[in-house]
1. Hey, any hits in the range 54-68 for a residue that's out of contact with any strand residue (DSSP E or B) (no Cβ under 7 Å at 6 or more places or on another chain), in a helix (DSSP H, G or I) and crowded, with 20+ Cβ neighbours inside 10 Å?
2. Residues to consider are 103, 108, 79; find the one that is out of contact with any Phe, Trp or Tyr (no Cβ under 9 Å at 6 or more places or on another chain) and either closer than 27 Å to residue 48 by Cα or in a helix (DSSP H, G or I) (or both).
3. Starting from the range 41-61, keep only residues that are touching a residue at least 24 places away in the same chain (Cβ under 8 Å) and under 14 Å from residue 71 (Cα atoms), then list their pairs with residues that are surrounded by 12 or more Cβ atoms within 10 Å (Cβ to Cβ) and of a type in the set (Gly, Ala, Ser) whose Cβ atoms are within a distance under 9 Å, requiring at least 6 positions of separation or different chains.
4. Can you spot a residue in the range 85-104 that is closer than 16 Å to residue 40 by Cβ and in the same structural domain as residue 140 (by TED's automatic domain parsing)?
5. Please tell me if residue 44 is in contact with a Lys or Arg (Cβ under 6 Å, 6 or more places away or on another chain) and either exposed (fewer than 12 other Cβ atoms within 10 Å of the Cβ) or modelled with pLDDT of 90 or more (or both).
6. Just to check your reading of the model, which residue among 89, 84, 76 is of a type in the set (Phe, Trp, Tyr), out of contact with any helix residue (DSSP H, G or I) (no Cβ under 6 Å at 6 or more places or on another chain) and under 24 Å from residue 29 (Cβ atoms)?
Amino acid sequence: MASGSVSGSLSSPKVEVIIDTGNPFLNLTVDGFLKIGAVAVTRSVAEDTYNILRKGSVSSNDFEKTLKKMCKEGAYWGAIAGVYVGMEYGSERILGTRDWKNATLGGALTGALASAVSNNKADKIAIDAITGAAIATAAEFINYLT
């Protein structure tokens, strides 16, 4: 019986946006804002394009609505990412180590801050902090495995 094998690797493209503010904290925060903000804008465009194609017609109102949604989503998710990256970097500098605990702390602080800004109650803020910590920690572990 014949046999064969396939080998290969999968890697994601790297996009480097270099903005030098002279401060590593600000550099990382702006980089996180721009990268995740761009992802949110792309997702928003794809979703609205699908909805417009499904509807079968395009109006200037659709275009205006899509543009507003792109700006809102990009700014919101970019700000969340910027805060997370800044919090993670800050905890790294304070703790003096670079490990998963920084991601956990950054995720918890970002989740709590985003929730508090939305005028949520203390219980919801705590739940969002736990969720942020869990997501950030899981992402860190997955990133470590690959």
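1. Scanning the range 54-68 turns up no residue that is out of contact with any strand residue (DSSP E or B) (no Cβ under 7 Å at 6 or more places or on another chain), in a helix (DSSP H, G or I) and crowded, with 20+ Cβ neighbours inside 10 Å.
2. Going through 103, 108, 79 in turn, just one is out of contact with any Phe, Trp or Tyr (no Cβ under 9 Å at 6 or more places or on another chain) and either closer than 27 Å to residue 48 by Cα or in a helix (DSSP H, G or I) (or both): 108.
3. 41/74; 41/78; 44/74
4. no
5. Values: in contact with a Lys or Arg (Cβ under 6 Å, 6 or more places away or on another chain): yes; either exposed (fewer than 12 other Cβ atoms within 10 Å of the Cβ) or modelled with pLDDT of 90 or more (or both): yes.
Criteria met by residue 44.
6. After ruling out the rest, the residue left standing is 76.
The values are calculated or read from the model by the stated rules, or taken from the named source; none is laboratory data. These figures come from a predicted structure and were not determined experimentally. Because the Cβ atoms are built from the backbone with ideal geometry, glycine has one as well, and the counts that use them run over all protein chains shown.
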